[in-house]
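Structure first, commentary second.
The values are calculated or read from the model by the stated rules, or taken from the named source; none is laboratory data. Remember, predicted model here, so these are calculated numbers, not experimental data. Virtual Cβ from ideal backbone geometry, glycine too; neighbours counted across all protein chains shown. The accessibility values were calculated without ligands, DNA or RNA, using every heavy atom of the protein model including side chains. Shrake-Rupley method; radii C 1.70, N 1.55, O 1.52, S 1.80 Å.
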There are 2 protein chains.
Amino acid sequence: MSARPPGEARIGLRHGAGGPAMRGLVESLFAAGQREDAPDRIGLGALDDGALLRVGARWLVFTTDSHVVKPVFFPGGDIGRLAVSGTVNDLAMMGATEPLGLSCSVILEEGFEREALERIQASIDATCREAGTFVVTGDTKVMGRGELDGVVLNTAGIGFAERPVRDDGLRPGDRILVTGTLGDHGLAVMARRHDLGLGEELRSDVAPLNGLVRAALAAGGEAVVAMKDPTRGGVASALHEMAAKGGVGVLLQEAELPVRPAVRAAAELLGLDPLQVANEGKALLGVRPEAAKRVLEALQAHPLGRDARCIGVCTPERPGAVILDTGFGRRLVAEAEGELLPRIC
Amino acid sequence: MSARPPGEARIGLRHGAGGPAMRGLVESLFAAGQREDAPDRIGLGALDDGALLRVGARWLVFTTDSHVVKPVFFPGGDIGRLAVSGTVNDLAMMGATEPLGLSCSVILEEGFEREALERIQASIDATCREAGTFVVTGDTKVMGRGELDGVVLNTAGIGFAERPVRDDGLRPGDRILVTGTLGDHGLAVMARRHDLGLGEELRSDVAPLNGLVRAALAAGGEAVVAMKDPTRGGVASALHEMAAKGGVGVLLQEAELPVRPAVRAAAELLGLDPLQVANEGKALLGVRPEAAKRVLEALQAHPLGRDARCIGVCTPERPGAVILDTGFGRRLVAEAEGELLPRIC
């Protein structure tokens, strides 16, 4: 801990942004005493979407997320749908597409409206049904007025992966698929928070993806070599992590990036790059070249994957870098430090 | 939801107190859409310390808790030790004494001191070592200044129970054992919060109990028929739940209740009943009469069980009631509504 950089004596919003500052905090502090990975346990040291624990001949995936989104209700979703989807998706990203069950812990501010809580709970119930799972255990805490801004939720989840998929499997030549349009969640939340008046054009994509991922794995089998959901930090952060862990560069084709016109307009208005904005109903898949077409077609045949695209390819050059081919030239894609998007999920 | 009582339009501190108001909220709202228990899934409908999920021939226990204790550091412990112990203990109460792993999600207020976070993390690491487990997955969120009072932690945990123990197994004649003194955690936190100046005499009992429970189960086997840790709401709430679910009355002997003199003094000063105050390193065990002595001796032989006592017996009369025999007569033990002890864990 003595290696702490100067000026880091206090936690900043960037430490929750999903980018390099957060990874640094997790690596230097949270994972430091807990990184003793073993043959039967792939835990915090791997910094993946969840942990893998050996149970007999199978791998159990275990994952958790807290949700602090503001506002609690936003176009296309709410904190309950976000929490269930986030955990179902983290399980799916590691290959566990049939959750055994979820936990849900709610922390409420004294005075929180019971009616809002009922709406959130109804959304949790509906999203669980959509994903084919249940909340099996929970907890309730209440903090005093002014001690918490409304409500935060934590969900954890467990599920078996017949064949675990990690986020470090990329090799040169692998194709990068995205299951749909980019930036919808982050811009829907920001537009509502700043009252941009963009009406119903901007809607969060928040959704449980386990059915979509099941279809992709059925089509691609072992050729699906890496998966990650581009939440906080967006596609830029997710691909940086996947590229660094796989030891490859990622070359994206700008013309192939699916971005809705309303998202593009709002991003320009707010000075944001859709590549750096959170998605809550999208996945990135790294697929061996010979299976890419088959997996893409399987994605596009699913209601949640109609806008799926092949957006890039892995290269042996510039390992760890994400490069955008704009059609006129190439530029490095930077990771957001994220101070502009606090409490996006 | 239309049956909501008048005056319940907003959440109050009592909804987080571990007593009847919280149980009502969980039953009427959180569990309502998720209570479809099945032969292979004992979930929210059972309102136990955690869920039981069938995996092949075994039962997997899954549990979660959020911790919002104030202050974060208190005599005898801190929020990190509390979170790990709380989850390890919930697993142990259902018979899973060797956790597969824990998740840990931290939500921080912008500006939280890095040094305090390092102390909390060191405590998490140390408590995990004590319990023989690891944090295998986690999450970090940051809220803005004034949006959260410092830090809250969520931990979830999983572990196999070779023989699950529920909280509903009490029958008339069963003995009630407690593994040590009562009220230490709640009064240590309250004394620190109110600056009572009781110095080091009041210390929280927060500790992982899985080793102690393992010893009890080894000694008692199937004769250990019910377990629960008396956290929020104290022994009074825990025994009320166990008595109601088992359909028995519980008759306690006041002379046998182990309470430290400093705890008794502080409780009197604050107008609290040690039976209603949270413990974080104690368990209640319901044991068949023929095995009670054997289990009690096994508890007392363990460093965390030296003050274990047999404090009562289950009766066929007054199912659901907890009755205290004072030596001069009998009185009903009430559950605390808990408004006096917000953020005790």
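Structure data summary
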{"read-out": "Highest-fluctuation residue, A:Gly19, A:Gly56, A:Gly249 considered, GNM on chain A with Cα pairs under 10 Å", "value": "A:Gly56"}
{"read-out": "Relative contact order computed over the range A:1-114 (Cα-Cα under 8 Å; 6+ residues apart), in percent", "value": "13"}
{"read-out": "Mean separation of Cα contacts under 8 Å, 6 or more apart, over the residue count of chain B: relative contact order %", "value": "23"}
{"read-out": "Helix-derived mean residue ellipticity, 222 nm - over chain A, DSSP H n ≥ 4, -39500 (n - 2.57), to 500", "value": "-8000 deg cm²/dmol"}
{"read-out": "Sequence of B:Phe328, B:Phe30 when ordered by accessible area, the most exposed leading, probe 1.4 angstrom", "value": "B:Phe328, B:Phe30"}
{"read-out": "Sparse-neighbour loop sites [trypsin sites (Lys or Arg not before Pro); the range B:279-317; at most 14 other C-beta within 10 Å; DSSP]", "value": "B:Arg306"}
{"read-out": "Accessible area (Å², 1.4 Å probe, nearest 10) - A:Glu335", "value": "40"}
{"read-out": "Accessible area that becomes buried as B packs against A, both chains, 1.4 Å probe, Å², nearest 100", "value": "7100"}
{"read-out": "Calculated on alpha-carbon atoms, Rg and Dmax of the protein assembly as shown in Å", "value": "25.5, 92"}
{"read-out": "Mean accessible surface per residue for chain A, computed with a 1.4 Å probe while every protein chain stays in place, in Å²", "value": "35"}
{"read-out": "Chain B: most fluctuating residue of B:Val106, B:Val142, B:Val178 per GNM, C-alpha cutoff 10 Å", "value": "B:Val142"}
{"read-out": "Mean separation of Cα contacts under 8 Å, 6 or more apart, over the residue count of the range A:175-332: relative contact order %", "value": "44"}
{"read-out": "5 Å-binned pair-distance histogram of the range A:96-191 (Cα, whole percent)", "value": "2, 9, 13, 15, 17, 17, 12, 7, 4, 2, 1, 0"}
{"read-out": "For the protein assembly as shown: lysine pairs under 22 Å (alpha-carbon distance), excluding those fewer than 8 apart on one chain", "value": "21"}
{"read-out": "Loop sites in the range A:102-145: trypsin sites (Lys or Arg not before Pro), DSSP, at most 14 other Cβ within 10 Å", "value": "A:Arg145"}
{"read-out": "Inter-label distance, nm, simple model (7 Å from Cα along the C-beta direction), A:Glu256/B:Arg193", "value": "5.7"}
{"read-out": "Using a 7 Å Cα-to-Cβ projection, A:Glu222 label spacings across copies, nm, ascending", "value": "4.6"}
{"read-out": "Calculated label separations, B:Arg171, copies of the chain, 7 Å along the beta-carbon direction, nm", "value": "6.1"}
{"read-out": "In nm, spacing of pseudo-spin labels at B:Ala32 and B:Phe73 (7 Å Cα→C-beta vector)", "value": "4.4"}
{"read-out": "Mean-position separation - Cα centroids, the range B:304-338 and the range A:230-253, in angstrom", "value": "59"}
{"read-out": "The range B:210-218 - phi-based ³J(HN,Hα) in whole Hz, Karplus 6.51/-1.76/1.60, Gly and Pro as x", "value": "5, x, 4, 5, 4, 5, 5, 5, 5"}
{"read-out": "GNM result for chain B, Cα springs below 10 Å: residue of B:Ala92, B:Ala223, B:Ala32 fluctuating most strongly", "value": "B:Ala32"}
{"read-out": "Solvent-accessible area lost in complex, 50 Å² minimum, residues of the range B:10-40 relative to chain alone, 1.4 Å", "value": "B:Arg10, B:Ile11, B:Leu13, B:Leu29, B:Phe30, B:Gln34"}
{"read-out": "With every protein chain in place, the protein assembly as shown: carbon and sulfur % of accessible area (1.4 Å)", "value": "50"}
{"read-out": "log10 of Debye I(q)/I(0), alpha-carbon scatterers only, for the range B:175-332 at 0.08, 0.09, 0.18 Å⁻¹", "value": "-0.22, -0.27, -1.07"}
{"read-out": "Long-range tail of P(r) for the range B:13-161 (Cα pairs > 25 Å, %)", "value": "36"}
{"read-out": "Chain A, Cα convex hull volume normalised per residue, Å³", "value": "149"}
